[in-house]
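Visitor: One structure, pasted below without further comment.
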Amino acid sequence: AMGELRTAVRTLALLDLEPAEVLSALDEIARVLGGHSEPRSAKELRDELLKKHPDRSPTPQVVRNTLESLVAKGRIRRHKRERSVMYTLAESGGPTAAESGSPADAG
């Protein structure tokens with residue numbers, strides 16, 4: 001998990017963003033994800049971000065790394081469905097599947 005967080009932060013750093021902008025990007029992705037009751041793919045979330053913020057153009061890799069950073073922080077959960085990876089907001093008060101190694105998400 002720490003390696004995923006490090007990768008996400010390095011990827012965001014390559015964009016030459018101020019620290020406040022990096023935190024803003026993390027929060028915005030979490031907000032977009034929170035607007036859905038069903039799991040969303042990184043592509044779906046990126047498409048929604050592009051609609052909401054046409055002045056920004058995060059690459060798919062930046063969105064995926066940011067999502068994995070949020071997983072590492074316990075703010076969102078990762079769900080594997082066949083060959084796809086989906087994300088939802090983490091329920092507060094307990095470890096995420098990534099932290100607990102829950103077989104329910106191995107799927």
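Visitor: Can you tell me which residue is modelled with the highest pLDDT among those in segment 1-44 that are in a loop (DSSP other than H, G, I, E, B) and surrounded by 13 or more Cβ atoms within 10 Å (Cβ to Cβ)? Talk me through it step by step, then tell me what you get.
Guide: The initial filter retains those residues of segment 1-44 that are in a loop (DSSP other than H, G, I, E, B), namely 1, 15-18, 35-39.
Cutting the leftovers down to surrounded by 13 or more Cβ atoms within 10 Å (Cβ to Cβ) gives us 1, 15, 17, 36, 39.
Working: A1: 54, L15: 61, L17: 60, H36: 85, P39: 92.
My answer is P39.
Visitor: Of all residues in segment 57-66, which are within 13 Å of Y87 (Cβ to Cβ) and touching a residue at least 40 places away in the same chain (Cβ under 8 Å)? Write out each step before concluding.
Guide: Kept after step one, since they are within 13 Å of Y87 (Cβ to Cβ), are these residues of segment 57-66: 63-66.
Matches in segment 57-66: N65, T66.
Visitor: Now for a different question. Pairs only if they're at least six apart or on different chains, beta carbon under 7 angstrom, first in segment 35-56 and under 16 Å from L67 (Cβ atoms), second of a type in the set (S, T, N, Q) and open to solvent by less than 80 Å² (accessible area, probe 1.4 Å); list them, first residue then second.
Guide: Short answer, once both residue conditions are applied: P39/T88; S41/S84.
Visitor: Let me ask another. Give segment 45-100 a look and list any residue that's part of a loop (DSSP other than H, G, I, E, B), small (G, A, S) and at pLDDT 85 or above, or say none. Quick ask: steps written out before the conclusion?
Guide: We begin by selecting, within segment 45-100, every residue part of a loop (DSSP other than H, G, I, E, B); these are 53-59, 73-75, 82-83, 90-96.
Right, trim to small (G, A, S) and you get 57, 74, 90, 92-94.
Once the filter is applied, which keeps residues that are part of a loop (DSSP other than H, G, I, E, B), small (G, A, S) and at pLDDT 85 or above, segment 45-100 yields G74, A90.
The values are calculated or read from the model by the stated rules, or taken from the named source; none is laboratory data. Everything quoted here is computed from the prediction, not taken from an experiment. Every residue, glycine as well, gets a Cβ built from its backbone with ideal geometry; the counts of neighbours run over all protein chains shown. Each accessible area value is taken on the protein alone, full model and side chains, heavy atoms only, with ligands, DNA and RNA left out. Shrake-Rupley method; radii C 1.70, N 1.55, O 1.52, S 1.80 Å.
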